[in-house]
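In what follows, a single structure is set out as structure tokens and then discussed.
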Amino acid sequence: MNRERLFEECARLASGKGNGAVASVGRRRGSLPMSATAKMVVTCDGARFGTVGGGCLEAEITERALEVAQSRIPAISEHTLNSDLAGDYGLTCGGTAMMFIEPVYADQVLASVYGESAALLLRGERGVLVTGPDWSAGVQKVLVKAGGVIGSGDERLSAAASRINPLREEPELDDTLLVEPLVGAPRLVVFGGGHVGAKVAQAAAFAGWRVTVADDRPEFADPVRLPFAERTLVCDYGSLSENLGIDAATYIVICTRGHQHDALIAEQVARLDTRYLGMLGSRRKVALTWKMLESWGVPAARLALVHAPIGMAIGADTPEEIAISVVAEMIAVRRSEGGRRGVKE
């Protein structure tokens, strides 16, 4: 279950439809069977939404979450999966997770913060959710976003949000505050809806990207042919429209039917700050294209940031294999906190 759905469930509980608790990963060490952004909602009637890894560790966290739901007092708890316990369950992993567990009950602040957090993610926007541990005088929770702050109005919580790396997606336990970057699904624009472009779009959508496919041929930007794309667009490669919405968080893949078209697109987007920019082609094609772009005035320093030839070096040959190598490279950039477009060798 994605975070939007989890926040919607929390908003439902906070609007008076039940009580429960939310368990979120604040920090983890070692090899654990859970995502760094894992989150689980446990209701007092025994329902669970989301997962923090399953198995014995999740059972232990569920038990602690029910205690928090009853007491209505947040808790930071440490849960360890050691080698002996892991072995008993046939697992080979082990490590420690610091969990921030907070109650959810009928409360206007909680309903407002959770409701807007879900809406923000659905809109593909960014924000930071900060939760404090001391609820003796009321809920300590704020959502900081471009339009302002929603929640309990605690300045210490709002200040913690401003210190987070804008590229970070994983939560962190800052002293006793849980600081959670809220980042909507990343956006990918694929230029070229041919065999490779379609497979890249499909693989990226499966991996969680919101995909736009742009082509100058209507039949290759047909939404019926590309059902996994959120959006398709027929465009003029020589004059890209501003309504593509390319910004510093956008991923771009250039894989049109010819290097002249690739060059037209690269000349425009290489000048922009983007999260990832990759271009399909052999080393020879890339060298020729770069020579052309430099003659058009594109700085070599900007071209050096482009992932070209695109994709991880796994010997990919078919469109499907190339798509996997490209999306793997995009994931590596997404999960790094390096500069924009990731770290290149």
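The values are calculated or read from the model by the stated rules, or taken from the named source; none is laboratory data. In this text the structure is predicted, and so the values were computed from the model without any measurement. Every residue, glycine as well, gets a Cβ built from its backbone with ideal geometry; the counts of neighbours run over all protein chains shown.
Odds and ends about this structure:
- Scanning segment 67-83 for residues that are within 11 Å of I101 (Cβ to Cβ), surrounded by fewer than 17 Cβ atoms within 10 Å (Cβ to Cβ) and in contact (Cβ under 8 Å) with a residue 24 or more places away in the chain yields a count of 3.
Rundown of residues vs (1) touching a Phe, Trp or Tyr at 6+ places or on another chain (Cβ under 7 Å); (2) more than 18 Å from S325 (Cβ to Cβ), yes/no style:
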| site | (1), (2) |
| --- | --- |
| L182 | no, yes |
| A185 | yes, yes |
| V189 | no, yes |
| K199 | no, no |
| D215 | no, yes |
| V224 | no, yes |
| P227 | no, yes |
| I265 | yes, yes |
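- Within segment 204-231, the set of residues being surrounded by 22 or more Cβ atoms within 10 Å (Cβ to Cβ), under 24 Å from the mean Cα position of the chain (by Cα) and not in a loop (DSSP other than H, G, I, E, B) comprises A204, V211, T212, V213, A214.
- Of the candidates L167, L177, L173, the single residue that is touching a Lys or Arg at 6+ places or on another chain (Cβ under 7 Å) and of a type outside the set (D, E, K, R) is L173.
- Hits in segment 41-57 - residues which are within 23 Å of the chain's Cα centre (by Cα) and more than 19 Å from K17 (Cα to Cα): T51, V52, G53, G54
- Residue within segment 313-320 that is part of a helix (DSSP H, G or I), modelled with pLDDT of 95 or more and β-branched (V, I, T) present: no
- Single condition L167 does not satisfy, out of (1) assigned to a strand (DSSP E or B); (2) in contact with an Asp or Glu (Cβ under 6 Å, 6 or more places away or on another chain); (3) not polar (S, T, N, Q): (1)
- Breaking point among (1) in contact with an Asp or Glu (Cβ under 6 Å, 6 or more places away or on another chain); (2) crowded, with 17+ Cβ neighbours inside 10 Å; (3) at pLDDT below 95; (4) not hydrophobic (A, V, I, L, M, F, W, C), for K145: (1)
- Those residues of segment 323-345 which are modelled with pLDDT under 60 and over 14 Å from A308 (Cβ atoms), in sequence order: G338, G339, R340, V343
- No other residue among H259, H307 is modelled with pLDDT of 95 or more and either at negative phi or in contact with a strand residue (DSSP E or B) (Cβ under 7 Å, 6 or more places away or on another chain) (or both) apart from H307.
- Residues within segment 250-299 that are of a type in the set (G, A, S) and surrounded by 20 or more Cβ atoms within 10 Å (Cβ to Cβ), tallied: 4
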